[in-house]
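Have a look at the structure below, then the notes.
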Amino acid sequence: MRVRVVKVPLGDRTYSIQIGEGLLARLGPECRRLRLGNRCALITDATVARWHAPAAEASLRRAGFDCLRVTVPAGEKAKSLGHLEDCCDQLAKHRLERKSFIVALGGGVVGDLAGFVAATYLRGVPFVQVPTTLLAQVDSSVGGKVAVNLKAGKNLVGAFYQPRLVLCDLDTLRTLPRREYRAGLAEVVKYGIIRDAALFRRLEGDLLRLLELDPATVAAVVARCCQIKAEVVGQDETESGLRAILNFGHTIGHAIENSAGYGKYLHGEAIAIGQAAAAWLSQRLLGLPARDADRIVDLLQAAGLPVRLPLPGARRARLLQAMKLDKKVSAGEVRFVLARRLGEAVWGQSVSAAPLDEALAAVAGPAPKRNRTKRS
């Protein structure tokens, strides 16, 4: 399979996303091509380390790099100030310098944490993203948003700090638990909703191929998602406008993760529920056709993702409180990204209490009967 290359256009900070099979073996040579320092830290988690760290380290060492492995626990709880400090302490102990670099090997949690380590250690060292989950390959590894969580909310301490390279080895997806892989499809569906109706239609037709990890289908879909994100980030790096559309489903989704306790729902699962609510709000407030709102829910369900969340009184109150701490709150108002039609999203939509209550009631109800998504 050929290697697909997508550029993230940011002037003198422009970088490439490489997408293909067997790319872990190219990690060392690609880092050498970037003229990075001779020492690096490979930050990964305990699960990914068993599968992929040996190959990544071997490639780096063959290319002449002195590589330190830093391993954090698997799961969202690793995105904390405590683990940030632990990582920085290990870098300092082993005398990594400003010319050194960091490799983030793992899913979105590792990418966000390692990226924030890179942004803050010695006031910034280069880093390379090697995402090993579908969600990280299509979304979190691209665009330079790096962060850790607080008890009050998700990603509340972070920075915009771009990687020097993103290396998406599609072979790593075959080691993912099915639940993790399906969770990544929530972000894939998002790109079709916000920016590309043709991609959404393709997902409806090719979902079975995606679920079977058909190489050509996966490569094409990952590349298209990366292209969309690269285009958006190239126009709005720091989320002052257009980039906000990437948060479709995230206002409620992040609040679900926080209020339920990090780890109960995978990020993509919480975002899928958030997207179901956002589809309902889009129909109610922006005139998204009911058929298209149903298509969004049907596609998420066909991907094996949740679209409903039981919300007894106390849980509902915690969810609403968590939403008020979201980064997208402005002047005390919760702001949403909503879809006017498939392929067109608008950001900064203020949603009053009544329709928000109705949307939460809609996702708290019984799941609708799922339509089968057919292979084209």
- prompt: If we scan segment 97-118, do we find a residue that is surrounded by fewer than 22 Cβ atoms within 10 Å (Cβ to Cβ), small (Gly, Ala, Ser), modelled with pLDDT of 95 or more and not assigned by TED's automatic domain parsing to the domain that holds residue 233?
  reply: no
- request: Answer yes or no as to whether residue 81 is out of contact with any helix residue (DSSP H, G or I) (no Cβ under 7 Å at 6 or more places or on another chain), of a type outside the set (Lys, Arg) and within 28 Å of residue 187 (Cβ to Cβ).
  value: yes
Selection within segment 92-131 - of a type in the set (A, V, I, L, M, F, W, C), in contact (Cβ under 8 Å) with a residue 60 or more places away in the chain and touching a Lys or Arg at 6+ places or on another chain (Cβ under 8 Å): 101, 109, 113, 128
- request: Take residue 76 and decide whether it is surrounded by fewer than 23 Cβ atoms within 10 Å (Cβ to Cβ), of a type outside the set (S, T, N, Q) and touching a helix residue (DSSP H, G or I) at 6+ places or on another chain (Cβ under 9 Å).
  value: yes
task: Answer yes if at least one residue in segment 119-135 is buried (at least 18 other Cβ atoms within 10 Å of the Cβ), in contact with a strand residue (DSSP E or B) (Cβ under 6 Å, 6 or more places away or on another chain), modelled with pLDDT of 95 or more and among the small types (Gly, Ala, Ser), and no otherwise.
output: yes
query: Are any of the residues in segment 64-71 buried (at least 19 other Cβ atoms within 10 Å of the Cβ) and among the basic types (Lys, Arg)?
result: no
query: Do the conditions hold for residue 213, that is, is it under 20 Å from the mean Cα position of the chain (by Cα) and in the same structural domain as residue 342 (by TED's automatic domain parsing)?
result: yes
- prompt: How about segment 172-220: which of its residues are surrounded by 15 or more Cβ atoms within 10 Å (Cβ to Cβ) and of a type in the set (Asp, Glu)?
  reply: 180, 187, 196, 204, 206
task: Could you tell me which residue of segment 13-35 is farthest from residue 225 (Cα to Cα), considering only residues that are in a helix (DSSP H, G or I) and touching a residue at least 60 places away in the same chain (Cβ under 8 Å)?
output: 31
task: Please give the helices (runs of 4 or more DSSP H) falling wholly within segment 290-368 in which 2 or more residues are out of contact with any strand residue (DSSP E or B) (no Cβ under 9 Å at 6 or more places or on another chain) and modelled with pLDDT of 95 or more.
output: 290-302
message: Pull out all pairs, ordered by first then second residue, where Cβ-Cβ is under 7 Å, the residues are six or more apart or on different chains, the first lies in segment 341-356 and is in the same structural domain as residue 289 (by TED's automatic domain parsing), and the second is surrounded by fewer than 16 Cβ atoms within 10 Å (Cβ to Cβ) and small (Gly, Ala, Ser).
response: 342/197; 343/197
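The values are calculated or read from the model by the stated rules, or taken from the named source; none is laboratory data. All values reported here derive from a predicted model rather than from experimental measurement. Reconstructed Cβ throughout: ideal geometry from the backbone, glycine too, with neighbour counts over all protein chains shown.
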